[in-house]
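Peer 1: One structure coming up, written as structure tokens, with questions to follow.
The values are calculated or read from the model by the stated rules, or taken from the named source; none is laboratory data. Just so it is clear, the structure is predicted and the values come from calculations on it, not from any experiment. Methodologically, a virtual Cβ is constructed for each residue, glycine included, from the backbone with ideal geometry; neighbour enumeration extends over all protein chains shown. Accessible surface is based on the protein model in full, side chains and every heavy atom, while ligands, DNA and RNA are left aside. Shrake-Rupley method; radii C 1.70, N 1.55, O 1.52, S 1.80 Å.
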Amino acid sequence: MSLDVSLLQQADLAPPPPLLLNLLETSHHILCISHVSPDGDAVGSLLGLAWILRAMGKRPVLALQDDLIQEFQFLPGVEEIIGPAAVAHNYDLIVCLDTSSVDRMGTVYCSEIHSQIPLIVIDHHITNTFFGTENWVDVGSVATCQMLVRLADALDVPLTEQMAVSLLTGLVTDTLCFRTANTDANVLQATLRLLVAGADLSHIVRNTLDSRSFSLLKLWGAGLASVQMEDGIIWTTLSAESRQQSGVELHQSDGLANFLVTVREADISATFSQRFAQSGQELIECSFRAKPGFNVSQVAFTFGGGGHPPAAGCTVAGRLQDVSSRVVAALQEMRRQSLAGR
Ligand code: AMP
Ligand code: MN
Ligand code: MN
């Protein structure tokens with residue numbers, strides 16, 4: 001007996017609003033943007049949408065603040081992505097993907113120049129600030145790429161291999177290859193459709209989650225050497241010096257928080273990476289992960305960042321030791337309250 005996967009219900013997932021579909025159908029000169037330090041869902045949704053728009057006969061412009069790391073260079077169409085300096089003024093629509101707040105686009109989006117242009121936001125972060133003129137935010141989707149499968153359907157665009165490779169990359173990276181607690185039948189149904197459309201799952205996993213540089217491993221070594229654990233929180237700090245010595249690419253997420261949260265005795269993990277802005281200001285990139293039952297997005301939001309209940313982050317100005325102690329204290333308080341509420 002065979003199963004017709006198209007019969008599985010997607011009713012609990014928010015469909016794209018009609019106004020959004022209308023804007024995409026009637027606009028021609030479209031700028032697509034995703035977030036700084038792009039991850040797999042940022043790049044995958046950016047390229048995926050571009051392939052959908054091209055199938056509709058449009059010629060989208062794709063822009064990112066930061067260079068793509070090695071892991072995403074295999075994706076179809078990456079050579080078309082431009083940096084902030086090449087972004088023009090005269091688009092008739094801007095679409096922002098996988099981005100929870102306006103500042104996360106970096107200088108690619110300049111409100112003085114672009115605020116007159118309609119801005120569509122397509123995102124799945126619980127901390128989204130609804131900064132667009134049209135916002136489609138679905139926290140029930142595991143990745144922005146999952147929403148774009150529904151967008152292609154709503155626009156009557158058949159899935160191609162290029163769309164499928166791009167979109168499956170976001171699904172794979174945001175779910176850590178279908179291991180996160182939000183991976184459900186809808187996610188696997190979308191994945192099945194992308195596989196049928198020509199995406200190669202093992203190729204995507206090998207290029208993204210299963211690929212790291214020797215430099216990154218050395219950086220992990222430095223982080224693991226000074227790891228600490230207290231009251232169910234495990235954390236480490238990474239100095240700018242150790243990052244520089246390791247030679248890890250600037251926009252490479254270290255991924256160490258994902259590894260730390262696998263420690264059995266820990267409920268929550270955090271990494272604190274020091275960097276210096278061009279002005280010389282000390283900035284700490286904080287990355288959090290939580291086991292089910294704990295919500296790190298709220299703590300990240302309090303410190304000016306955002307994310308999802310099990311994975312979030314923020315950038316905090318201050319000294320490495322001061323910031324890490326303050327943030328660890330906030331994580332401990334959140335954990336105490338979560339345990340008390342059970
Ligand atoms: P990361 O730890 O960098 O993999 O990020 C985990 C999640 O937190 C992702 O969904 C990011 O979009 C979000 N996130 C990370 N850093 C920030 C930040 N500085 N501001 C807002 N959201 C962030
Ligand atoms: Mn992302
Ligand atoms: Mn995402």
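Peer 1: Taking a 1.4 Å probe, which of Glu249, Glu71 shows the most accessible area, and what order do the others take after it?
Peer 2: Values: Glu249 80, Glu71 15 Å².
Listed by decreasing accessible area, they come as Glu249, Glu71.
Peer 1: How much accessible area per residue does the chain have, in Å², with a 1.4 Å probe? If you can, show how the numbers build up before the last one.
Peer 2: Working: 15680 Å² over 342 residues.
Heavy-atom accessible area per residue stands at 46 Å².
Peer 1: Taking Cα pairs under 8 Å and at least six residues apart, what relative contact order does region 214-340 come out at, in percent?
Peer 2: Numbers: 241 pairs, mean separation 25.4, N = 127.
After rounding, I find 20 percent.
Peer 1: Can you tell me the Rg and the Dmax, both Å, for the Cα atoms in region 214-340?
Peer 2: Cα only, region 214-340: 13.8, 43 Å (Rg, Dmax).
Peer 1: What accessible surface, in Å², does a 1.4 Å probe find on His203, ignoring ligands, DNA and RNA and rounding to the nearest 10?
Peer 2: Solvent-accessible area, nearest 10 Å²: 70 Å².
Peer 1: What is the helix-to-structure angle for 185-196, meaning the angle in degrees between its Cα long axis and the longest Cα principal axis of the chain, kept from 0 to 90 and rounded to the nearest 10?
Peer 2: So the helix axis and the longest Cα principal axis differ by about 60 degrees.
Peer 1: Taking only Cα atoms, what is the 0 to 90° angle, nearest 10, from helix 320-340's long axis to the longest principal axis of the chain?
Peer 2: Long axis of 320-340 versus the principal axis of the chain: about 80 degrees.
Peer 1: Let me ask something else about it. Please give the net charge around Ala340, taking every other residue with its beta carbon less than 14 angstrom from that of Ala340, where Lys and Arg add +1 and Asp and Glu add -1. Mind showing how you got there, number by number?
Peer 2: Numbers: positive: Arg335, Arg336, Arg342; negative: Asp231, Asp267, Glu333.
Net charge around Ala340: 0.
Peer 1: What's the center-to-center distance, using Cα atoms, between region 131-170 and region 59-73 in Å?
Peer 2: Here the answer is 17 Å between Cα centres.
Peer 1: Here is a further query. Picking from Thr173, Gly318, Val149, whose Cα lies most toward the positive end of the charge dipole for the chain (charges on Cβ: Lys, Arg +1; Asp, Glu -1)?
Peer 2: Gly318
Peer 1: Moving on to the next point. Let me know the Kirkwood hydrodynamic radius for the chain, please, with Cα pairs as the basis and the value in Å to one decimal.
Peer 2: Numbers: mean 1/r = 0.0483 Å⁻¹.
That comes to 20.7 Å for the chain.
Peer 1: A further question follows. Jot down the per residue volume, in cubic angstrom and as a whole number, of the convex hull over the alpha-carbon atoms of region 26-76. All intermediate terms of the calculation are to be shown ahead of the outcome.
Peer 2: Numbers: hull volume 3.6 nm³, N = 51.
Per-residue hull volume (Cα only) is 71 Å³.
Peer 1: Kindly write out, for region 273-283 in residue order, the coupling ³J(HN,Hα) from the Karplus curve 6.51 cos²θ - 1.76 cosθ + 1.60 (θ = phi - 60°), rounded to whole Hz, with x marking Gly and Pro.
Peer 2: Using θ = phi - 60°, the values come out as 10, 7, 8, 10, 5, 4, 6, x, 5, 7, 10 Hz.
Peer 1: Could I ask something else about it? Quick one: length gained pulling Cys177 to Gln337 fully straight, 0.36 nm per residue minus the C-alpha distance?
Peer 2: Numbers: separation 160, 0.36 × 160 = 57.60 nm, distance 3.06 nm.
Between Cys177 and Gln337, full extension yields 54.5 nm more.
Peer 1: Quick check: residue separation of Glu161 and Thr107 times 0.36 nm, minus the Cα distance between them. What number comes out in nm? Walk me through the numbers on the way to the answer.
Peer 2: On the way: separation 54, 0.36 × 54 = 19.44 nm, distance 3.16 nm.
Here the answer is 16.3 nm.
Peer 1: Contact order normalised by length for the chain, with contacts defined as Cα pairs under 8 Å and 6 or more residues apart; what percent is it? Mind dumping the intermediate values first?
Peer 2: On the way: 652 pairs, mean separation 47.1, N = 342.
The normalised contact order for the chain reaches 14 percent.
Peer 1: Considering only DSSP beta bridges with both partners in the chain, what is the antiparallel share in %, to the nearest 5?
Peer 2: Working: 22 of 44 bridges.
Looking only at bridges with both residues in the chain, the antiparallel portion is about 50 percent.
Peer 1: Specify the angular offset, from 0 to 90 degrees and rounded to the nearest 10, of the alpha carbon long axis of helix 144-154 from the longest principal axis of the alpha carbons in the chain.
Peer 2: It works out to around 10 degrees.
Peer 1: While we're here: Given the DSSP H assignment, sum -39500 (n - 2.57) over each helix run of at least 4 residues in the chain and divide by its residue total; what's the result at 222 nm in deg cm²/dmol, nearest 500?
Peer 2: Working: 12 runs with 125 residues, N = 342.
Per the formula, -11000 deg cm²/dmol.
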